[in-house]
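The values are calculated or read from the model by the stated rules, or taken from the named source; none is laboratory data. Predicted, not measured: the structure shown is a model, and the values here were computed from it. Every residue, glycine among them, receives a Cβ derived from its backbone with ideal geometry; neighbour counts consider all protein chains shown.
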């Protein structure tokens with residue numbers, strides 16, 4: 001089923017496609033994450049994180065050839081979007097191939113206030129040591145590791161964030177048609193930017209959907225693999241501030257590569 005979340009009205013479209021009403025206004029958490037992303041792009045450690053992600057992709061995909069390793073191809077594209085030099089990307093790939101350490105991708109699951117969840121991907125050759133180094137951060141923030149069930153509350157999907165051509169007027173109708181044409185499973189308005197939409201698709205269809213959107217003259221702002229929460233949890237202002245501080249500390253951890261949450 002393809003769904004379009006919009007801010008005004010509900011419309012039923014052919015082939016059991018539905019448009020689900022979405023109330024106007026941006027969530028405070030979405031705005032905080034947007035600001036964090038802007039700050040991250042200025043950090044000197046950004047390239048290190050991107051390199052870690054490339055190494056994880058090589059490990060998960062089983063080889064260092066982006067033509068046959070979808071995860072690596074996507075990691076390289078993300079790095080290039082962040083203006084990481086091609087030479088640096090190639091050096092990172094070579095480093096991963098030459099690396100004889102037992103570094104592995106490991107997930108750490110965290111439960112916060114009101115039952116909110118965080119899943120953090122790390123690249124480490126000693127998962128227990130990394131977990132032990134994260135534990136004091138969680139204790140200080142008054143949260144704790146979760147049992148190995150938090151990840152089941154997320155769906156692993158491809159997400160393309162794109163802006164439709166300026167000459168489209170009846171955007172809501174056209175967006176649905178284009179989403180169907182491109183093979184997206186769901187499309188909804190971006191929480192931060194006006195006239196920008198997030199197209200969700202199967203992991204293996206990410207590059208195909210992205211290419212079709214580009215052929216329709218969409219300006220693709222980003223395309224990536226994401227863990228999307230099945231259900232979001234609303235927090236009060238104090239809890240949001242608490243989780244924002246926790247995110248900062250986790251992002252600064254040298255082993256952490258990527259963080260996802262289910263905060264509304």
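Every listed requirement among (1) at pLDDT below 90; (2) within 20 Å of residue 259 (Cα to Cα); (3) in contact with a strand residue (DSSP E or B) (Cβ under 8 Å, 6 or more places away or on another chain) is met by residue 2 save one, (2). Examine segment 106-113 for a residue that is in a strand (DSSP E or B), closer than 18 Å to residue 61 by Cβ and modelled with pLDDT of 95 or more, and state whether such a residue exists. Yes: one or more hits.
Residues checked against (1) touching a helix residue (DSSP H, G or I) at 6+ places or on another chain (Cβ under 8 Å); (2) in contact (Cβ under 8 Å) with a residue 60 or more places away in the chain; (3) surrounded by fewer than 19 Cβ atoms within 10 Å (Cβ to Cβ):
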{"position": "211", "(1), (2), (3)": "no, no, yes"}
{"position": "215", "(1), (2), (3)": "no, no, yes"}
{"position": "244", "(1), (2), (3)": "yes, yes, yes"}
{"position": "257", "(1), (2), (3)": "yes, yes, no"}
{"position": "264", "(1), (2), (3)": "yes, yes, yes"}
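Just one residue in the set 76, 20, 54 is in a strand (DSSP E or B) and either over 19 Å from residue 252 (Cβ atoms) or modelled with pLDDT of 90 or more (or both); that residue is 20. Close Cβ contacts (under 7 Å, 6 or more residues apart or on different chains) running from residues in segment 32-49 that are within 21 Å of residue 86 (Cβ to Cβ) to residues that are at pLDDT 70 or above and not in a helix (DSSP H, G or I) comprise 41/82; 46/82; 47/84; 49/257. For segment 122-174, a residue qualifies if it is in contact (Cβ under 8 Å) with a residue 40 or more places away in the chain, closer than 24 Å to residue 102 by Cβ, out of contact with any helix residue (DSSP H, G or I) (no Cβ under 6 Å at 6 or more places or on another chain) and crowded, with 16+ Cβ neighbours inside 10 Å, and the qualifying residues are 130, 134.
Among the conditions (1) farther than 30 Å from residue 232 by Cα; (2) in a helix (DSSP H, G or I); (3) modelled with pLDDT under 95, the only one that residue 71 does not satisfy is (1). Exactly one residue out of 97, 82 is farther than 29 Å from residue 244 by Cβ and surrounded by fewer than 19 Cβ atoms within 10 Å (Cβ to Cβ): that is 97. Flag: residue 251 matches the condition of being modelled with pLDDT under 95, surrounded by fewer than 19 Cβ atoms within 10 Å (Cβ to Cβ) and under 15 Å from the mean Cα position of the chain (by Cα).
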